[in-house]
1. Filter region 32-63 down to the residues that are closer than 23 Å to Thr11 by Cα, in a helix (DSSP H, G or I) and basic (Lys, Arg) and list them by number.
2. Could you please find all residues in region 17-31 being within 17 Å of Tyr68 (Cβ to Cβ), assigned to a loop (DSSP other than H, G, I, E, B) and not acidic (Asp, Glu)?
3. For Glu119, which of the numbered conditions (1) in contact with a Lys or Arg (Cβ under 7 Å, 6 or more places away or on another chain); (2) loosely packed, with under 12 Cβ neighbours inside 10 Å fails to hold?
4. Sort through Leu60, Leu88 and tell me the only one that's open to solvent by less than 40 Å² (accessible area, probe 1.4 Å) and not charged (D, E, K, R).
5. What number of residues within region 1-33 satisfy the criterion of being modelled with pLDDT of 90 or more, acidic (Asp, Glu) and over 22 Å from Leu99 (Cα atoms)?
6. Given the criteria in contact with a Gly (Cβ under 8 Å, 6 or more places away or on another chain) and either charged (D, E, K, R) or open to solvent by 40 Å² or more (accessible area, probe 1.4 Å) (or both), does Glu132 qualify?
7. For region 86-101, enumerate the residues that are in contact (Cβ under 8 Å) with a residue 40 or more places away in the chain and more than 19 Å from Asp18 (Cβ to Cβ).
Amino acid sequence: MTPSLTDTLCTRCGLCCDGTLFADVELVGEAEAKRLEIMGLEVEENDTGAGLLSQPCAALKGRRCGIYAHRPQCCRTFECQLLQDVQLGAVTVERGTELIAEALGRIRRVRELLAELGERNVRLPLKERCAEALAGDAPATPEVRQKRAELEAAMSAVETIIWRSFLGAQATVQS
């Protein structure tokens, strides 16, 4: 049996859940929010009363969802641009896996630089972690300035591949 595209691509990726693509995801109602809270996930309040699931998602185990059968509606319906492009045949599965590997490699470099700059709050979305590191309290020695410049360049490269390959035109689907 041939594995599904989600088995082939999504389980190698996880960027929609790890705080790279989104800072949070909007839930569809109070019942969904309560169910997730019962499972131990952090839900923030929002203006609609439905709630927001903070990212990185605490249910993410490696690159797989630890609550897959009980995941929120927005997670059930979201398909990144890369998955859609592969489904349409505009991108091959092989190219899709290469783009995922490239994105993960770039993100790994950003995380290395964050650690070197002392930013270790892994519960924040990647973009927020970068903002904190760039605005950090560390004395602006030449080495720190160099690392911050490297971080800015590395995060810019991540954002380019994210927008080009994973979000595309659907950047407004989730916040």
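The values are calculated or read from the model by the stated rules, or taken from the named source; none is laboratory data. Keep in mind it's a predicted model, so treat the numbers as computed, not measured. Here the Cβ positions follow ideal geometry from the backbone for every residue, glycine too, while neighbour counts run over all protein chains shown. Only protein heavy atoms, including side chains, enter the accessible area calculation; ligands, DNA and RNA are left aside. Shrake-Rupley method; radii C 1.70, N 1.55, O 1.52, S 1.80 Å.
1. Answer for region 32-63, where residues must be closer than 23 Å to Thr11 by Cα, in a helix (DSSP H, G or I) and basic (Lys, Arg): there is none.
2. First, pick out the residues of region 17-31 that are within 17 Å of Tyr68 (Cβ to Cβ): 17-18, 25, 27.
Next, from what is left, pick out any that are assigned to a loop (DSSP other than H, G, I, E, B): 17-18, 27.
Within region 17-31, Cys17, Leu27 meet the criteria.
3. All conditions are met except number (2).
4. Only one candidate qualifies: Leu60.
5. Residues meeting the conditions: 3.
6. On the way: in contact with a Gly (Cβ under 8 Å, 6 or more places away or on another chain): no; either charged (D, E, K, R) or open to solvent by 40 Å² or more (accessible area, probe 1.4 Å) (or both): yes.
Criteria not met by Glu132.
7. Scanning region 86-101 gives Val86, Gln87, Val93.
Yes or no, residue by residue, for (1) under 30 Å from Ile38 (Cβ atoms); (2) open to solvent by 60 Å² or more (accessible area, probe 1.4 Å):
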site: Leu83; (1), (2): yes, no
site: Val93; (1), (2): no, no
site: Gly96; (1), (2): no, no
site: Gly136; (1), (2): no, no
site: Pro142; (1), (2): no, yes
